[in-house]
C-alpha cells in the first residue's frame, strides 16, 4: 500500500514537473515566435508611453499595428509566466523605438529594456537669432512643445536666467533628443554648452582686451559672426573691432543697425537707417550694443577672445564673400570705391559656401 502511494506521488510529481516545464517552454517559444515579417522599405516605430507597465506592452503593440491583435492574449499569458520567473523583465523604458529589426516579441522586449530609443537631431545654425531658434523648436513634431505661448522673458525664467536677454546665450551646434524631451530640455542643453564655451574662452582670453565682462565678449562674438561667414576671417574682423574700441572709435557695423531696426528691416539699409539712433546702431553709439545680435559659434567666441594682431581699422566686402582690410581711412575709401561703388554683376556679400 505504501509502495503504491509512493509510486502515485512520484507519478503526480513527474506530471507536475512536466507540466511546469511544458508551460515554461511554451511561454519562451511563444515570445520567440516571429510576429511579423517587415519589408525592406517598411518603417516600424513604437511609442512606449511613460507610466505604462510592461504587462500593457502586447496590447500597445497591437494598437500601433506592430503585432497582430489576435496574438495579444497568448503573448500576455506568456509574458505573465516569464515575469513570474524573471521579475526584471518588467523594467522597460518609455520612449520612441525603431522596432523594424526586431522580429519577435522577445526582441522588442529586449530593445525596451536597454532603452534603445530613437534619437532625433536638431541643428542650431550659427549666426541665426533666438527667434529663429524658437521657430525651429516649434517645427519639431516629435519634441514636446511647452513654450509656444510664453514670452522670451518667461522662457528665460524657466531656464533660470531671469532678466537676461535671450540673444546669444544658445550654442549653435547639433543636439540630440528623444520624443520624451521638451523644447526647454533642448534649450537648456544649448544654454549650458554656450555658458561653458564662453567661460573657457574668457578664462583663456588675450590680456588687455576692451571687455569689462564675458558678456561683452559674447556681444562682440555675435557681431563677428554676423560680419563674415569665412572662418579664417573671424580673428581679423575681431582685430579691427577691438582696435576701434581701444581707440574710442565707433564700430560702424551694419549687422547691428539691422538688428536694431527689427521688423522694419526689409532686406536693405539706407543712409537714413545708418543715421537713425537705436540702442544697437553702432554708427550712432559708442562701444558695444547692449546685447548680442545673434547666436555666435564657438569659433566666433574664440575670435573675440583672440583677435588677430595688426593695424587695420576698416574692412569692406569684396563681393566674393571675403573682405578687404585697410589701415587708413584713405585706403578704405579707395577700397569702397573699388568694391562697393563699382560692383561686379556677380557681387555677393557672403561666400557661396561659407567656411565654418
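Values quoted throughout were computed directly from the atomic coordinates according to the rules given, and no laboratory measurement underlies them. None of the values given here were measured: they were computed from a predicted structure. Note that each Cβ is placed from the backbone with ideal geometry, even for glycine, and that neighbours are counted across all protein chains shown.
Worth a mention:
- Burial ranking of peptide ranges 284-295, 157-168 (average Cβ count within 10 Å, highest at the top): 284-295, 157-168
- Zone of residue 161's modelled label, taken as backbone nitrogen in region 167-182 under 18 Å from a point 7 Å along Cα→Cβ: 167-176, 182
- Surface/4 of the Cα convex hull for region 120-197, nm²: 4.6
- Both numbers refer to the Cα atoms of region 197-343; Rg and Dmax are 14.7, 44 Å.
- The spacing between region 278-342 and region 194-264, judged by their C-alpha centroids, is 10 Å.
- Burial ranking of peptide ranges 79-92, 251-264, 220-233 (average Cβ count within 10 Å, highest at the top): 220-233, 251-264, 79-92
- Fully extending the segment from residue 308 to residue 185 would add 40.6 nm, taking 0.36 nm per residue of separation and subtracting the current Cα-Cα distance.
- Inter-probe distance in nm under a simple model that places probes 7 Å from Cα toward Cβ, at residue 261 and residue 116: 5.3
- Where the Cα pairs of region 82-131 fall when distances are cut into 5 Å bins, in %: 4, 17, 19, 16, 11, 8, 6, 7, 5, 3, 2, 0
- Nitroxide proxy distance, nm - points 7 Å out along Cα→Cβ at residue 247 and residue 152: 3.2
- Spin-label pair residue 73/residue 144, simplified geometry with 7 Å Cα→Cβ offset, distance in nm: 3.7
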